[in-house]
Amino acid sequence: MSHYLPQTDNPDGFSVLLIDTHASIPALLVCADQRIRAAKNLLQCLSLMSGNSSHPHDLSCICEASALLLQEGCDLLGVLTLREDTVH
C-alpha cells in the first residue's frame, strides 16, 4: 500500500485529497467518525426541513455535501481495512 492514497471523491484525473495510510489508527478513526457524524447531521437537518421552506437547490447541496462526507469516511475506514489485511 502506498504512503498516500487518493480519496475516491477527487475529480477525475486529479489526486489532490490524499489519505496518509501510515497515520495512526486512532487518527484515522477520529477523521472517519467526524465525517460520518457531519453527514448524519446534514441528513438530519434535511429530514426536518419542510417542503415549503426549502429551495430545490438547498436539497441538492445538502445531498452532495452528505455524499462527499460519507465517501471520505468510507475511504478512511477502507484504509483501516487494507491495513488490517496486510497484518494478517
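Any read-out appearing in this document is the output of simple, stated calculations on the displayed coordinates, not a laboratory observation. The model shown is predicted, which means the values in this text are computed figures rather than measured ones. Glycine gets a Cβ as well: all are built from the backbone with ideal geometry, and neighbour counts include every protein chain shown.
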Legend entry - Considering residues of region 51-88 that are within 17 Å of ILE25 (Cβ to Cβ) and aliphatic (A, V, I, L, M) only, the residue surrounded by the most Cβ atoms within 10 Å (Cβ to Cβ): LEU76
Legend entry - Which numbered condition THR8 fails, given (1) hydroxyl-bearing (Ser, Thr, Tyr); (2) within 20 Å of VAL87 (Cβ to Cβ); (3) surrounded by fewer than 14 Cβ atoms within 10 Å (Cβ to Cβ): (2)
Inset, instruction - Mind listing whichever residues of region 30-45 are among the hydrophobic types (A, V, I, L, M, F, W, C) and surrounded by 14 or more Cβ atoms within 10 Å (Cβ to Cβ)? - result: CYS31, ALA32, ILE36, ALA38, ALA39, LEU42, LEU43
Legend entry - Verdict on SER50 being outside any helix (DSSP H, G or I), free of Cβ contacts under 8 Å to residues at least 12 places away in the same chain and out of contact with any Ser or Thr (no Cβ under 7 Å at 6 or more places or on another chain): yes
Inset, instruction - Kindly indicate the residue of region 67-86 that is among the polar types (S, T, N, Q) and over 8 Å from the mean Cα position of the chain (by Cα) and also farthest from ALA38 (Cα to Cα) among those meeting that condition. - result: THR86
Legend entry - Complete set of residues in region 6-33 that are within 19 Å of LEU69 (Cβ to Cβ), touching a helix residue (DSSP H, G or I) at 6+ places or on another chain (Cβ under 6 Å) and either in contact (Cβ under 8 Å) with a residue 60 or more places away in the chain or assigned to a loop (DSSP other than H, G, I, E, B) (or both): GLN7, THR8, ASP9, ILE19
